[in-house]
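First the structure, in the form of structure tokens, and then the observations on it.
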Amino acid sequence: REQQHLLEVSNLNGWYGESHVLHGMTFNVGAGEIVTLLGRNGAGKTTTLRAIMGVVRKRRGAITYKGSDIISLPQHKVPWLGIGYVPEERGIFATLNVLENLMLPPVTQSGGMGIDDIYQLFPNLRGRDQTPGTRLSGGEQQMLAIARILRTGADFILLDEPTEGLAPVIVEEIAASLQVLKQRGLTIVLVEQNLRFAASIADRHYVVEQGVVVDEIANEVLPASMDRLNSYLGV
Ligand code: ATP
């Protein structure tokens with residue numbers, strides 16, 4: 001038998017109503033890897049994350065996590081496997097302060113990150129417990145959204161465009177935090193438009209086009225593969 005990956009997605013199809021968006025996504029993620037999904041707007045990257053989480057309900061194919069098929073699981077059960085989702089819109093509640101936002105989701109796994117550890121990883125959040133969520137900058141909200149998932153104990157994280165709209169210095173801070181998480185053994189699937197950021201942290205990249213994985217590029221050969229990649233991304 002082939003080596004088992006932590007996540008195996010095989011011939012995944014997905015629909016929004018009658019609209020067929022995923023047309024047979026196949027990819028895998030090994031334990032401890034950072035793997036990206038790259039592709040143009042509308043390629044189906046976000047939908048793939050939402051299909052893994054069970055947010056997109058109309059799915060066909062196989063999604064295997066730690067050897068068990070999870071495609072039939074209802075949405076509310078998926079986080080209890082230690083799978084965390086940080087959506088593009090981040091989901092920070094304006095009417096809650098930083099600490100309340102952090103404490104909102106239930107702890108689903110032992111080994112969830114403690115508050116001190118979180119503030120060590122994201123120093124920008126330290127001392128901001130009472131600050132309303134929306135008083136934070138975009139970058140700080142992104143950090144809070146990631147921190148909130150880490151507190152639950154999730155060790156397999158789906159991250160949707162965490163750097164979107166952020167200043168380069170903040171992007172570097174987030175890259176450094178994700179490196180620390182990788183060193184601790186967490187596994188990350190990252191949807192990203194910022195290639196420089198993706199290349200600074202990822203092990204492998206999958207290129208998605210019209211709901212299908214059309215290429216896979218190891219991070220070591222990314223610089224030598226830019227022509228190929230740009231032809232997909234239309235840069
Ligand atoms: P982006 O970077 O723009 O989010 P993406 O690769 O993540 O790109 P998706 O958001 O997964 O792309 O969208 C894939 C396709 O599904 C697009 O054609 C999009 O218009 C469509 N789509 C996305 N969300 C919905 C929805 N809620 N209902 C119907 N169609 C949707």
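Overview of results
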read-out	value
Reachable lysines, given that their alpha-carbon falls under 21 Å from the alpha-carbon of K66 and they are not under 8 places away in the same chain	K77, K182
Computed lengthening from E100 to A167, 0.36 nm per intervening residue step minus Cα-Cα distance	21.5 nm
Phi to ³J(HN,Hα) by Karplus 6.51 cos²θ - 1.76 cosθ + 1.60 over the stretch 130-136, Hz, x for Gly, Pro	8, 6, x, x, 7, 7, 6
Per-peptide average of other Cβ atoms within 10 Å, ordering 138-149, 166-177 highest first	138-149, 166-177
Backbone N under 16 Å from the K77 label point (7 Å along Cα→Cβ), restricted to the stretch 145-172	none
Mean Cα-pair separation over length for the stretch 11-100, i.e. relative contact order, pairs under 8 Å, 6 or more apart, %	26
Residue-by-residue Karplus 3J(HN,Hα) for the stretch 108-113, coefficients 6.51, -1.76, 1.60, Hz, glycine and proline x	9, 9, 5, x, x, 6
Mean-position separation - Cα centroids, the stretch 179-223 and the stretch 34-70, in angstrom	15
Extended-chain gain in nm, criterion 0.36 nm per residue less alpha-carbon gap, Q109 and A224	37.4 nm
Rounded accessible area per residue of the chain, 1.4 Å, Å²	45
Accessible surface of the stretch 1-94, 1.4 Å probe, proportion on carbon and sulfur as whole %	49
The chain: relative contact order as a whole-number percent, Cα under 8 Å and 6+ apart	27
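The values are calculated or read from the model by the stated rules, or taken from the named source; none is laboratory data. All figures in this text were calculated on a predicted structure; none of them were measured in a lab. With ideal geometry, Cβ positions are generated from the backbone for all residues, glycine too; neighbour counts draw on all protein chains shown. The protein model used for the area step is the full one, side chains on, heavy atoms only, and it has no ligands, DNA or RNA in it. Shrake-Rupley method; radii C 1.70, N 1.55, O 1.52, S 1.80 Å.
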